[in-house]
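Throughout, read-outs are computed from the coordinates displayed, never taken from laboratory work. Everything quoted here is computed from the prediction, not taken from an experiment. When we count neighbours, we look across all protein chains shown, and the Cβ atoms used for this are built from the backbone with ideal geometry, even at glycine.
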C-alpha cells in the first residue's frame, strides 16, 4: 500500500509517529489484519510492528482480538478523535484545577515577592523587548488586557481590530467590569462601521486614518507593532514592548489629541 508522505505527515496532528501512521493507515484500509500482514503492507519492519501496534492499542487507535495469530481491528477515525478530545479536556481540566490551587497557595506569594525584589534591580531601560510572530503578539495583547487596571488604548488596522475583538471579547468585557476604560481607534469603511456597532457598549470607538498598530495599558506599558500586517506573513509580524510610563504616556497623549 502506497500512502503519500504529505498525508502521513498530517497524521502527526493525531500524535502519531511515522511507523504508527503507516500501520494505522494500513489497518484502516484492511479493517482487520495480523501484525505480519500489516508489516508487509506498510513497509514497517516486522521486528518493530508488534511494539508499534501495542502502542496504538494503548492510544485507542486499534483493538486487539484474541486469535491465533493475533488480529488487530481498526477503530473508526471519528471515534479516535472523540476519545482524544475527551482525554485532552480531562487533562486540561486537571491542569486548570492545579493552577487554581497554586494560585491560592503560599508559594505564589513567595514567587511574587522574589519577582518584586528582582525587578528593583532592573534598570528601566531594560524593561523592553522584541515580540516576534503574530501568535506571540496576540498573546501579549491578551496579557495587557488581562493585567490592565485603569485604561487600555488600542490603535489597530480593521483586520486586526475585528480579529482581536472576536478573540478577546470576553476578556475585554471582564476588563470593563474591573473598571478599565477601553478606547479603540481604527480606519473603518462603511462595512466596518456597521460591524463595529455591536461592540459600542464594550469600548469607546473612534474612526481614524492613522496607519499604525499599538496597545497602551495603564499609561505604563506599550506594545508597538513595527510592520504593516497586510504586507507580511503572520510569522514575520513583529513588535516592541516597553514598560516605560514616560514613553507610554507620550503615545497616550498623542492618541487622545488625535
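To make sure I understand, if each residue's beta carbon is the centre and we count other beta carbons within 10 Å, what order do 189, 153 fall in, fewest to most? Walk me through the intermediate numbers first.
Values: 189 10, 153 24.
Ranking 189, 153 by Cβ neighbours within 10 Å, fewest first, gives 189, 153.
In deg cm²/dmol, rounded to 500, what helix-only [θ] at 222 nm does the chain give when every DSSP H run of at least 4 residues adds -39500 (n - 2.57) and the total is split over its residues?
Computed mean residue ellipticity for the chain: -16500 deg cm²/dmol.
With the Cα gyration tensor of segment 127-257 giving a ≥ b ≥ c as the square roots of its eigenvalues, does the rule (a/c under 1.5 for rounded; else a/b larger than b/c for prolate; else oblate) give rounded, prolate or oblate? Intermediate results must be reported in sequence, preceding the final value.
Numbers: a/c = 1.38, a/b = 1.07, b/c = 1.28.
Cα axes put segment 127-257 in the rounded bin.
Using a Gaussian network model on the chain with a 10 Å cutoff between Cα atoms, which of 177, 79, 134 fluctuates the most?
Result for the chain, Cα springs under 10 Å: 79 fluctuates most.
PRE reach from residue 210 (point 7 Å along Cα→Cβ): which of segment 155-189 fall under 15 Å by backbone N?
Residues 155-158, 161, 182-188 fall inside that zone.
Could you give the distance between the Cα centres of segment 36-74 and segment 159-238, to the whole Å?
Using only Cα atoms to place each centre, the spacing works out to 52 Å.
In a Debye calculation with equal point scatterers on the alpha-carbon sites of the chain and no solvent, what is log10 I(q)/I(0) at q = 0.09 Å⁻¹?
-0.66
Pick from 104, 220, 78: which residue has the top mean-square fluctuation in a GNM of the chain where Cα pairs under 10 Å get a spring?
78
Just subtract the alpha-carbon distance of residue 95 and residue 170 from 0.36 nm times their residue separation and send over the number in nm, one decimal. Don't jump to the answer; show the numbers that get you there.
Details: separation 75, 0.36 × 75 = 27.00 nm, distance 2.14 nm.
Taking residue 95 through residue 170 to full extension adds about 24.9 nm, to one decimal.
Exposure proxy check: 180, 155 ranked by fewest other beta carbons within 10 Å?
The fewest-first ordering by Cβ neighbours comes to 180, 155.
Spin-label point model (7 Å from Cα, Cβ direction): what's the residue 63 to residue 76 distance in nm?
1.2
Would you mind checking the tilt of helix 46-59 against the longest principal axis of the Cα atoms of the chain, expressed as 0 to 90 degrees and rounded to 10?
So the helix axis and the longest Cα principal axis differ by about 50 degrees.
First check a/c for segment 5-76, with a ≥ b ≥ c the square roots of the eigenvalues of its C-alpha gyration tensor; if it is under 1.5, answer rounded, and if not, answer prolate when a/b is larger than b/c or oblate otherwise.
In terms of gyration-tensor shape, prolate.
Taking Cα atoms, how many degrees apart are the long axis of helix 158-167 and the longest axis of the chain, rounded to 10 and kept between 0 and 90?
The angle comes out at about 60 degrees.
Restricting to the chain, compute how many DSSP beta bridges are antiparallel as a %, nearest 5.
In the chain, approximately 75 percent of DSSP beta bridges are antiparallel ones.
To the nearest 10 degrees, how steeply does helix 77-103 sit against the main Cα axis of the chain, on a 0 to 90 scale?
It works out to around 50 degrees.
Taking neighbour counts of Cβ atoms within 10 Å as a proxy for exposure, in what order, fewest first, do 174, 213 appear?
By the 10 Å Cβ count, ascending: 174, 213.
May I ask you to derive the relative contact order of the chain, considering only C-alpha pairs under 8 Å and at least 6 residues apart, and to give it as an integer percent? Write out the running numbers ahead of the final one.
Details: 306 pairs, mean separation 37.7, N = 258.
The value is 15 percent.
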